[in-house]
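> The structure is given below, and queries will be raised subsequently.
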Amino acid sequence: MIPSKKRQSRLAPVSAARPKRATADSARKHHLFVDVTDKEKQLILAYCNSKDLSVSEFLAEVALDDARPSKANSRLKETSPRTVQIELSEHDYAKLVYKSRLRKISPEDFIHTRLLPDLQKSKEWGSLERETLRYYVSDKEHRTLLDHMKKFGHSSRHYVAFLAVQAIEEQFDPIKNKLISKRR
């Protein structure tokens, strides 16, 4: 009789210091992809290693936290405006002021009205040097995520990458140039 080889688990051991992800109602048989740049991938991998998380678990947690009905968990609030600064030459700024005066609005409103329709498009086309990460979710989680993405017109591949980077940056101490050591 040939001794049977014990099957090796490919899963990372779960640390006693962090709680396991909540058990899903059904098996996590759906997978979603996230497109990230090489720099974002390295950031996510370093973060997951430092927190003893699998990449799939981290991405799923970030996406589900944003998609849950309680808006307290949402990383993006519709009422929280963001400020963007752009550099314009004096000539371009003069053209901007002139065009906004013709429409009897401020230069800021002019930029907003020109940019908003493009931001409200449901799909964006373009090329990006990217790598693909995958995360697994259950039937119910999959339905929740897809409904949430559809509601706001987000691409699940790019929006979850944005959420992951935002979540990591929230725990990053720029003064010490390292991650803040609080556990999730």
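The numbers here are math on the coordinates, done by the rules we state, and not lab data. All values derive from a computational prediction rather than experimental measurement. Here Cβ is always computed from backbone atoms with ideal geometry, including for glycine, and neighbour counts include all displayed protein chains.
> Take THR144, THR132, THR37 and order them by how many other Cβ atoms sit within 10 Å, fewest up front.
In increasing order of surrounding Cβ atoms, one gets THR132, THR37, THR144.
> Taking amide H positions as placed in the peptide plane 1.01 Å from N, state which residues far from THR37 in sequence (5 or more) or on other chains have amide H under 5 Å from it.
So THR37 has HN proximity to GLU131.
> For GLU129, what charge total do you get from the other residues with a beta carbon under 15 Å from its beta carbon, if Lys and Arg give +1 and Asp and Glu give -1?
Net of charged neighbours comes to 0.
> Quick one: order LEU119, LEU146 by neighbouring beta-carbon count within 10 Å, fewest to most.
Taking fewest neighbouring Cβ atoms as first place, the list is LEU119, LEU146.
> How do THR113, THR83 line up, fewest other C-beta atoms within 10 Å first?
Listing THR113, THR83 from fewest to most nearby Cβ atoms yields THR83, THR113.
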